[in-house]
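Step one of this worksheet: look at the structure below.
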Amino acid sequence: MNSINKKYSKKNLWLLFVSASMFLNLSLTATEVTSITTTQSGYKQAMKAQAMLPQIELASINTRQEMVQYSRALKPEDTPNNPIKKPSTTSKQYVMRVTGADLNKGLPIATSSTESLVRISPVGGGKSSSIKVEELNITTPDGKEMRGLDAMGMNANSKDLQATPFPQGTSIFKFEKSLGAGTFSIKTTTKQANQQQFIVSVLEKNSPYQLKLETDKGHFYAGQIFSAKVNLASLNNNNANVPLSSNSLTSAGNQPLKLNQVKGKIVSPGGKVFEVKFTSVSQNDFRITIPINLPISANEGLWEVQVYTEGKHNNLTIKRDARLAFAYNPVTAIVYNTLPPKVVAKKHIETSVVVDVEYAGRYEAKAVLYSKRNGRLLPLMEARTAMWLETGNNHIPLLFKNALQRIKSLKGNQLILKDLVLTDQTRMSILPQTQSLSTSLAQLTSNQIN
């Protein structure tokens, strides 16, 4: 294993490229463009929009029929429903699908930091299509042509990486630190088949430039508005401490960081690709806001939004890719209301959730009982019920066990039912509510409580 710098082990090489390897299966081929039409807002409209999509047989994961109920007491300091953070991911890497012809003539590699790590993997694997690091010549950002091994700080060939999950034929190398940042060119000294395809991944661990991809929430429904934003930022005071090559320093000047281009796509669990357009909203921010009315997939799994970006700062080209998973679920049921509460066995409080079911299945409802006094809400109890529901109008009972005992000392307080969540356990999805439920339990008179 003489080709590996003694300071590094194969394990370290593998760890450095774990994050980059997730881009291996990204679809970089031509994609089908699907138009998305505007639909009315609201979940009833979402169900109408969904009904217009091609009908599919939804996957069933949980088909248990029996009813299960559960409740628990909460302490005043409990936060049963913490605010959900917006899903997001960050990236300091990018990937390219290139051909043997590209590598034969010289492939540009844009870097924005020293010691960028490059991985080359033949599509389909195979020993015959692998490129060894010693078969590369490298042109530095200053225009100096070098033997590949002389321009590398560390490297490893396919033979060295047999114990790693990378495809057969993969080679990895890191640019020598003294060469600085800028655009390199890598060229093979052995003729490659022009049509042979390769995945080239570039990881810039030391770069201050970070791309952030964020969606407004983690799950969407047919007819809803899908919203995501992309931001490119410098984490190191506008890159003040990034060593550039001498050529980059000469022509850099003092230009602001700018995100120039964002290409996006949405990918279904089955691999179908829908191109989407991001629009610039500021110098370093792009956003997409579209009605999502895509065919609902019968395949189990999450959807993804993927972005491929390019920015500029001074004389540096900054390329970044990112992808973020989200759930895109059918609206299988809708919550409409709750029934008036009642006292059961002189010690429990029970209410029922009214649900309109479009697809039969096992559903769970949960809600939190609060005490309100002087404008302050304190959580008292949480109740959950899971049961099988057929299509049509249904009731899910929520039983707050021994609730009267807890609220006897709260005479004069208003009882509020809030934070209702309906889950489709058969298809493992959280369903939307028509409104933020806040039901007063004023129907419980002092005679019922005492």
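Counting only residues that are hydroxyl-bearing (Ser, Thr, Tyr), give me the strands (runs of 3 or more DSSP E) lying completely in segment 77-119 with at least 2 of them.
Of the strands (runs of 3 or more DSSP E) lying wholly inside segment 77-119, those with at least 2 residues that are hydroxyl-bearing (Ser, Thr, Tyr) span 88-91, 93-99.
Each residue in segment 359-378 was checked for being of a type in the set (Gly, Ala, Ser), within 13 Å of Pro397 (Cα to Cα) and in contact (Cβ under 8 Å) with a residue 60 or more places away in the chain, and 1 of them qualify.
Screening Ala360 with (1) among the small types (Gly, Ala, Ser); (2) under 17 Å from Thr79 (Cα atoms); (3) surrounded by fewer than 22 Cβ atoms within 10 Å (Cβ to Cβ) gives one miss only, at (2). Cβ separations smaller than 6 Å between residues 6+ apart or across chains give the following pairs from segment 276-291 residues that are in contact (Cβ under 8 Å) with a residue 40 or more places away in the chain and aromatic (Phe, Trp, Tyr) to residues that are assigned to a loop (DSSP other than H, G, I, E, B) and surrounded by 14 or more Cβ atoms within 10 Å (Cβ to Cβ): Phe286/Phe278. Lys312 meets the stated requirement of being modelled with pLDDT of 90 or more, part of a strand (DSSP E or B) and surrounded by fewer than 21 Cβ atoms within 10 Å (Cβ to Cβ).
Thr332: hydroxyl-bearing (Ser, Thr, Tyr) and within 29 Å of the chain's Cα centre (by Cα), yes or no? Yes, satisfied.
Applying the condition of being in contact with a Lys or Arg (Cβ under 7 Å, 6 or more places away or on another chain) and of a type in the set (Gly, Ala, Ser) to segment 86-103 and asking which residue is surrounded by the most Cβ atoms within 10 Å (Cβ to Cβ) yields Ser91.
Restricting attention to segment 322-334, which residues are part of a strand (DSSP E or B) and surrounded by 23 or more Cβ atoms within 10 Å (Cβ to Cβ)?
Start the filter on segment 322-334 by keeping residues that are part of a strand (DSSP E or B), which leaves 322-329, 333-334.
Result: Ala322, Ala333.
Restricting attention to segment 160-171 and to residues that are not in a loop (DSSP other than H, G, I, E, B) and not hydroxyl-bearing (Ser, Thr, Tyr), the residue that is farthest from Val123 (Cα to Cα) turns out to be Asp160.
The values are calculated or read from the model by the stated rules, or taken from the named source; none is laboratory data. Bear in mind the structure is a predicted one, so any value in this text is a computation, not a measurement. Cβ sites come from the backbone with ideal geometry, for glycine too, and all protein chains shown count toward neighbours.
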